[in-house]
Amino acid sequence: MNPKTKSKLELAGIYTIFAFMAVIILYPLVWAIGMSLNPGNSLYSSSIIPENWSLEHYKWLFTDPRSDYLLWYKNSMIVSTCAAFFSVIMTSFVAYAFSRYKFVGRQSGLYTFLILQMFPVMMAMVALYIFLHLIGLLDSLTGLILIYIGGQIPFNAWLVKGYLDTIPKELDEAAYMDGAGHFTVFLRIVLPLAKPILAVVALFNFMTPLFDFILPSIILNSPENYTIALGLFNFINDQFSNNFTRFAAGSILIAIPVAIVYLFLQRFLISGLTAGGTKG
């Protein structure tokens, strides 16, 4: 076969795969947007392109006194922001220690982090429930935040440690020779260079509480403490509920804070995603 023809066929195959994946990804999203604009509440009477589209469901979420959507949204923002912020702080300290220092148990700790990633979170649900009950943080946003922060440390620390290993240690040594201490080196040398991978950690830990349903459903019992995923589930879970269009409208609005955070961090994300796992 002619090399030029072969190259064109390979390129066509690649574009075909990309187009197929794009359809798989975009089809549910387009359906959700179309459903949120359909009048009425029924799933079966909705169409992907509504003939008489309306914003009544979005208006209902924000103005109807029976809707706790704003409260759920606020709870989710609190949990996501705190989880992202404190995860970045704790992960950076843990990863820096494992990357730069030699201490007893260092290798065992790294292997422990790696092993912990192999087990699904569901295995720890009963233990987490009992633990939060013992310390009085069951059915609270604080307890949920602590679980998110602690649960992400093994993966995040391994990821960030691999990135910090790519930063030359000669920079640290030069700073030590100029009289800088360990904390100064960490804050002024390592952290500025680690912004890409920390942006990835921040984005992932911000997104997880927004989209997670299983963990909040186990920990939270009071409607006033619901996160947005757990609250929206009640739109279609109750015996006589048929609020699929409102559910779709509420789901679409979840993408707004994620898009804002992504746009804010996008300049760091590409290099962080490609370099985080290059060295362990």
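The values are calculated or read from the model by the stated rules, or taken from the named source; none is laboratory data. Everything numeric in this text was worked out from a predicted model, so none of it was measured. Reconstructed Cβ throughout: ideal geometry from the backbone, glycine too, with neighbour counts over all protein chains shown. Protein only, heavy atoms only, side chains kept; ligands, DNA and RNA dropped before computing areas. Shrake-Rupley method; radii C 1.70, N 1.55, O 1.52, S 1.80 Å.
Using a Gaussian network for the chain with springs between C-alpha atoms less than 10 Å apart, which of these wobbles most: Val94, Val185, Val104?
Result: Val104 has the largest fluctuation of those listed.
Out of the chymotrypsin sites (Phe, Trp or Tyr not before Pro) in segment 159-261, which ones are loop residues according to DSSP with at most 13 other C-beta atoms within 10 Å?
Loop-located and lightly packed - Phe213, Phe240.
Output needed for segment 76-190: three equivalent-ellipsoid semi-axes, defined as square roots of 5 times the C-alpha gyration tensor eigenvalues, in descending order, whole Å.
32, 17, 11
Solvent-accessible area of Thr16, probe 1.4 Å, all protein chains present, reported in Å² to the nearest ten, please.
For Thr16, the solvent-accessible surface is approximately 90 Å².
Using θ = phi - 60° and the Karplus relation 6.51 cos²θ - 1.76 cosθ + 1.60, list the HN-Hα couplings for segment 175-182 in order, rounded to whole Hz, with x at every Gly or Pro.
Karplus-based 3J(HN,Hα) across segment 175-182 equals 5, 4, 5, 8, x, 6, x, 4 Hz.
Report ³J(HN,Hα) in whole Hz for each residue of segment 143-151, in order, from the Karplus equation J = 6.51 cos²θ - 1.76 cosθ + 1.60 where θ = phi - 60°; Gly and Pro get x.
Per residue, the Karplus-derived 3J(HN,Hα) values read x, 5, 4, 4, 5, 4, 5, x, x Hz.
What is the projected area of the convex hull of the Cα atoms of segment 137-195, averaged over all directions, in nm²? Could you put the intermediate results ahead of the total?
Details: hull surface 20.9 nm².
For the Cα atoms of segment 137-195, the hull's average projected area reads 5.2 nm².
In degrees from 0 to 90, rounded to the nearest 10, what is the angle of the helix 69-100 Cα long axis to the longest principal axis of the chain?
20 degrees
At 1.4 Å probe size, with the rest of the protein present, what percent of the exposed accessible area of the chain is carbon and sulfur atoms?
Looking at the chain in its full context, I get 70 percent from C and S.
Name the shape class, rounded, prolate or oblate, that the alpha-carbon gyration tensor gives for segment 213-255, where a ≥ b ≥ c are the square roots of its eigenvalues, rounded holds for a/c under 1.5, and otherwise prolate holds if a/b is larger than b/c and oblate otherwise.
oblate
Show which lysines lie in cross-link reach of Lys195 when reach means a straight Cα distance below 30 angstrom and same-chain residues fewer than eight apart are skipped.
Lys74, Lys102, Lys161, Lys169, Lys279
Along the charge dipole of the chain, Cβ charges K/R +1 and D/E -1, which of Val200, Val104, Phe131 sits furthest on the positive end?
Farthest along the dipole direction, towards plus: Val104.
Give me the 1.4 Å probe accessible area per residue for the chain, excluding ligands and nucleic acids, in Å².
Values: 16410 Å² over 280 residues.
Accessible surface, normalised per residue, equals 59 Å².
Using the Cα centre of the chain as the reference point, and only Cβ charges (+1 on K/R, -1 on D/E), how large is the resulting charge dipole? Debye, rounded to the nearest 20.
With Lys and Arg at +1 and Asp and Glu at -1, about 840 debye.
Is the shape of the chain rounded, prolate or oblate, going by the alpha carbon gyration tensor and its root eigenvalues a ≥ b ≥ c, with a/c under 1.5 for rounded and a/b larger than b/c for prolate?
Taking the square roots of the gyration eigenvalues as a ≥ b ≥ c, the chain is oblate.
Need one value: the accessible area of Thr63 in square angstrom, 1.4 angstrom probe, rounded to the nearest 10.
90 Å²
With springs only between Cα atoms under 10 Å, which of Met90, Met21, Met125 fluctuates most in a Gaussian network model of the chain?
In the Gaussian network model the winner is Met21.
Would segment 1-137 count as rounded, prolate or oblate if I go by the C-alpha gyration tensor, calling it rounded below 1.5 in a/c and otherwise prolate when a/b exceeds b/c, oblate otherwise?
Oblate shape, in that a/c is at least 1.5 and b/c is the bigger or equal ratio.
Report the residue, chosen from Leu193, Leu171, Leu37, that carries the largest GNM mean-square fluctuation when the chain is represented by alpha-carbon nodes joined by springs under 10 Å.
Answer for the Gaussian network model of the chain: Leu171.
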